[in-house]
Amino acid sequence: MAKDILHMTYENSLTFAQDLDRDDPLRHFRNKFHIPQLNDKDVIYFTGNSLGLQPKNTRVYIEEELEGWATLGVDGHFHSQKRPWFYYHKFSKEALAKIVGAKPSEVVSMNNLTVNLHLMMVSFYRPTSSRFKIMIEAGAFPSDQYAVESQIKFHGYNYEDALIEISPREGEYHLRTEDILSKIEENKDSLALVLFGGVQYYTGQLFDIGSITAAGHWAGAIVGFDLAHAAGNVPLNLHNDQVDFAAWCSYKYLNSGPGGVSGIFVHEKHGDAELPRFAGWWGHNESERFKMKKGFIPMSGADGWQLSNVNILSSAAHLAALEIYDEAGMEALRQKSIRLTGFMEYLLNGFNLGDDVLKIITPTDPAARGCQLSLLVSKNGKAIFEHLTRSGVVADWREPDVIRVAPVPLYNTFEDVYNFCEILKKVIF
Ligand SMILES: *Cc1c(COP(=O)(O)O)cnc(C)c1O
């Protein structure tokens, strides 16, 4: 990462923001998206971390498949004009591999995120009487907590004994890497699995995936990541970092539509291993799939974890969105993202408010966060949030007192950031 991006100097003015937009090499990407409106004006959409906006091309991709279905019926499986449905899961591989830093054979899109977390744990959480613990970050996304809890119980272990949650130090909001690593070391004799977020959904902290993975492996554990808030937000190197497995959803930063298809990563070192898994016909040897024979023979790599035939309409939306990522490139997106979020942080710090009024709980180090800033507003937080909403800012509120704002480099502008801070300033002062 070039130094000048991390040490950029900002100015607090609308013309400065507009100059940055004018010089932004990615500025034309905004045009590829539908921007929701309020009173005939574009809203300031800062919830790409929850549901990314719809690419204009999504409709085209979905209509192509509807057309294939209408005209070909079942023959679309092999003869659909552009993208035969039988091979559909293959068409997202190259783009996904670049986004998460993997080989195409290590990734596949399928199912939904929580389903995939379970499927991954079926293969990678193999507790024994001495090694049965799972370590997660305290306050992990509820669905992940429920998945982990039910997996532990499914294997007949006591939830309280088997779950290790790591919290920030007293008075701190995010985890120190050194504390994560020492917690892993402390539990080296009983730890079966480390399952962490890549970017923490509440605080926006980006964890040190490489170091956590290395420490987990040193301790004899398997290490997996939930990348719901990391995929498409920050550059990832899952393959080189030796991560065992990962899963993510596509409807947040990856703009693939509500409930959109999820994705998994399985490191190639496990791709052909004889791991226990819940199998289905789409994970079975492709050349034999329609022979309808007994005896499951998994496909090599991540493909072997598929269960069902592909959800084509959802996957069409996914392809439309991935095409945009491919064109923009993660590195360019990250460079803009660092500036966009840095600009917001600069403007918010310029308010000079006490921590009891407004505190950014996301790490200040750009290398330890993605695009999201989490603002702790202890007084009148909900009222402030509602005012933002009425003023055309789409942000989100997390109980008890946090407003999350995610300026997304694909479609947000520096002017969005400036205008948001002006609106916030008016309501707070
Ligand atoms: C968004 C999110 C989910 C959502 O799970 P679904 O199965 O897609 O509904 C799960 N975990 C994390 C960390 C998330 O951010």
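I'm checking my understanding of the structure. Among residues of the stretch 238-256 that are of a type in the set (S, T, N, Q) and under 14 Å from the mean Cα position of the chain (by Cα), which one is farthest from the ligand (Cβ to nearest atom)? Taking the candidates together, the pick is Asn255. Of the residues in the stretch 209-228, how many are within 16 Å of the ligand (Cβ to nearest atom), closer than 13 Å to Ile134 by Cβ and among the small types (Gly, Ala, Ser)? Matching residues across the stretch 209-228 total 1. Against the criterion of being among the small types (Gly, Ala, Ser), assigned by TED's automatic domain parsing to the domain that holds Gly216 and more than 16 Å from the ligand (Cβ to nearest atom), Ala95 qualifies. Among the helices (runs of 4 or more DSSP H) confined to the stretch 55-100, the ones with at least 3 residues that are modelled with pLDDT of 95 or more and more than 24 Å from Tyr253 (Cβ to Cβ) are located at 57-72.
From the list Arg22, Arg27, Arg83, the one residue that fits, being away from the ligand (no atom under 16 Å from the Cβ), over 28 Å from Trp397 (Cβ atoms) and crowded, with 19+ Cβ neighbours inside 10 Å, is Arg83.
The values are calculated or read from the model by the stated rules, or taken from the named source; none is laboratory data. Keep in mind the model is a prediction, meaning the values are calculated, not measured. Cβ sites come from the backbone with ideal geometry, for glycine too, and all protein chains shown count toward neighbours.
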